[in-house]
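The values are calculated or read from the model by the stated rules, or taken from the named source; none is laboratory data. All figures in this text were calculated on a predicted structure; none of them were measured in a lab. Positions of Cβ are generated from backbone atoms using ideal geometry, with glycine treated the same way; all protein chains shown enter the neighbour counts.
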Amino acid sequence: MARLSRRALLAGLALLPWWARAGQGRVTGRVLVVGGGFAGATAARLLRQAEPGLDVVLIEPKVHYHTCPMSNRVIAGLDPLARIAWSYRDLEGQGVRLLHQAARDIDTAGRRVQLDDGLWLDYDHLILAPGIDMRFDAIEGYDAAAAKRLPHAWQAGVQTELLRRQLQAMTDGGLVLIGVPDNPYRCPPGPYERASLIADYLKRHKPRSKLLILDAKDSFSKQALFQQGWQRHYPGLVEWVGHAGDGRVVRADAQRRELECEFGNRHRAAVINLIPPQRAAAIAVRAGLTDASGWVPVDPQRFRARTAEHITVLGDASIAAPMPKSAFSAQAQARLAVAHLLAELRGEPLQPPVLSNTCYSLLTPDDAVSISARYRVEQGLLGEVPGTLQLSPLDGDDALRRHEAQVAAAWYLGICTAAWGAPA
């Protein structure tokens, strides 16, 4: 499908009706989807496939989406950045209309979204999947400018390449430091996979270097599996310091490449990957959808915002604990929310929600571990289904770990294809 000009697209938007039943029972109306990540792209695709009469508009400033899953391979020099870039062309071919602009604000009472250029677009239903913003007020001295020297690389793209270049430029024997925030944050096992793959890079290219993890927590996802993997593959190279050992970073000096922890310890390093606390993206905050935690409370039956029934909030921005803020979770939430929205529009009964999550983490390029679980709503609360939590076994042999790494590659391809359909 040829890309519509922005003028033609906006003109078309002005002509569409509100929710209505078209001929032969087709549902028509306008759904705006803000954010083209795993949740937003998946939701837009599913809506168009299920109801061609719907006008689905995806508002996303990026022309290509770089995934956080597998970005640690890029940082470790195993893949080029292009390997994690995905295109929106296939979504356009499905009939999703693309607006490559940022969404600035939401008028919840008037059901409209303001674009970055000031224009407002009306909607019948809004799917908000804006992802995260960094809480640059959480660590003294760490702001967007400091992140250019001490990259967080927690939003893939420019920051991913920056951290990779710093590692490549580092002199052998230098210290690499990773600062990890307290829960909740995007991808709980992500920092520890990153540590593993950076350690693999150091082992191969800069064997006199060390890696230190400063953690605001005293435990973390897949901890036993990661620590066993570090001992096995990188003995003496990786050190982890939890909160009790003064691992919570409270100050940063980007010029000196120095971090200060809560109880006074200071650490200087050649390369610092400082991952700060996070919150829902700014548009959710400005729209008044977040609570004091900085995240958006939702009804777990349908993932509708608690304060706005006509807004679905998916992915990292939402409060969906005990589901982790992961790509797979975001996609599972999109499938559930779209199914419920379509059932409502068609006058069909809502099915009880069942959600799942599966995450793979690489310990080496050819060695992976995994975690999975299922979730359901009981008495209005989302909870883990007893007996469904599955972890890779400790002491798994080489064949099992290699198999999980192969499955991880297929898993990544599957979730990305389900969202975007085609690489960039």
* Structure fact -> Subset of the range 247-270, residues in contact (Cβ under 8 Å) with a residue 24 or more places away in the chain and of a type in the set (Asp, Glu), comes to 253
* **Residue match in the range 403-419 (condition: touching a strand residue (DSSP E or B) at 6+ places or on another chain (Cβ under 8 Å), among the aliphatic types (A, V, I, L, M) and assigned to a strand (DSSP E or B))** => no
* May I ask you to list the residues in the range 10-51 that are at pLDDT below 50 and either of a type outside the set (A, V, I, L, M) or not assigned by TED's automatic domain parsing to the domain that holds residue 312 (or both)? => 12, 17, 18, 19, 21, 23, 24
* Structure fact -> Sole miss for residue 335 among (1) within 17 Å of the chain's Cα centre (by Cα); (2) at pLDDT below 95 is condition (2)
* Structure fact -> When the range 223-238 is checked residue by residue, the ones that are farther than 18 Å from residue 189 by Cβ and in contact with a Leu (Cβ under 9 Å, 6 or more places away or on another chain) are 237
* To do: Within the range 346-405, track down each residue that is free of Cβ contacts under 8 Å to residues at least 40 places away in the same chain and within 30 Å of residue 52 (Cβ to Cβ).
  => 347, 348, 349, 351, 352, 354, 355, 356
* Residues satisfying the stated conditions in the range 211-240, i.e. over 25 Å from the mean Cα position of the chain (by Cα) and surrounded by fewer than 21 Cβ atoms within 10 Å (Cβ to Cβ) -> 228, 231, 232, 233, 234, 235, 236, 237, 239
* Quick one: count up the residues across the range 24-52 that are in a strand (DSSP E or B), among the β-branched types (Val, Ile, Thr) and surrounded by 24 or more Cβ atoms within 10 Å (Cβ to Cβ). => 3
* Unmet requirement for residue 357, which otherwise passes all of (1) under 30 Å from residue 230 (Cβ atoms); (2) out of contact with any strand residue (DSSP E or B) (no Cβ under 8 Å at 6 or more places or on another chain); (3) not charged (D, E, K, R) -> (2)
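Every residue, every condition in (1) over 30 Å from residue 199 (Cβ atoms); (2) surrounded by fewer than 19 Cβ atoms within 10 Å (Cβ to Cβ), yes or no:
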| position | (1), (2) |
| --- | --- |
| 54 | yes, no |
| 70 | no, no |
| 77 | no, yes |
| 81 | no, yes |
| 89 | yes, yes |
| 96 | yes, no |
| 100 | yes, yes |
* First in the range 216-228 and more than 15 Å from residue 360 (Cα to Cα), second anywhere and in a loop (DSSP other than H, G, I, E, B) and polar (S, T, N, Q), Cβ under 7 Å, 6 or more apart -> 217/183
* To do: State yes or no: is residue 200 over 14 Å from residue 273 (Cβ atoms), crowded, with 22+ Cβ neighbours inside 10 Å and not basic (Lys, Arg)?
  => yes
* Structure fact -> If we keep only residues of the range 285-328 that are of a type in the set (Gly, Ala, Ser) and closer than 20 Å to residue 113 by Cβ, then the residue surrounded by the fewest Cβ atoms within 10 Å (Cβ to Cβ) is 288
* Structure fact -> Going through the range 191-233 in order, the residues found to be touching a Phe, Trp or Tyr at 6+ places or on another chain (Cβ under 6 Å) and among the hydroxyl-bearing types (Ser, Thr, Tyr) are 192
* In the range 108-155, what count of residues is obtained for those that are in contact (Cβ under 8 Å) with a residue 24 or more places away in the chain and within 22 Å of residue 47 (Cβ to Cβ)? -> 15
* Please find, among 349, 386, 393, 322, the residue that is modelled with pLDDT under 95 and either farther than 20 Å from residue 128 by Cβ or part of a helix (DSSP H, G or I) (or both). => 349
* To do: Tell me, please, whether a residue that is at pLDDT 95 or above, closer than 26 Å to residue 140 by Cβ and not acidic (Asp, Glu) can be found in the range 229-239.
  => no
* Hey, any hits in the range 288-306 for a residue that's under 17 Å from residue 35 (Cβ atoms), over 18 Å from the mean Cα position of the chain (by Cα) and either assigned to a loop (DSSP other than H, G, I, E, B) or in the same structural domain as residue 147 (by TED's automatic domain parsing) (or both)? -> yes
* **Matching residues in the range 271-287 - criterion: being of a type in the set (A, V, I, L, M) and in a strand (DSSP E or B)** => 271, 272, 274, 280
* Structure fact -> Among residues of the range 113-134 being of a type outside the set (A, V, I, L, M) and closer than 20 Å to residue 318 by Cα, the residue surrounded by the fewest Cβ atoms within 10 Å (Cβ to Cβ) is 133
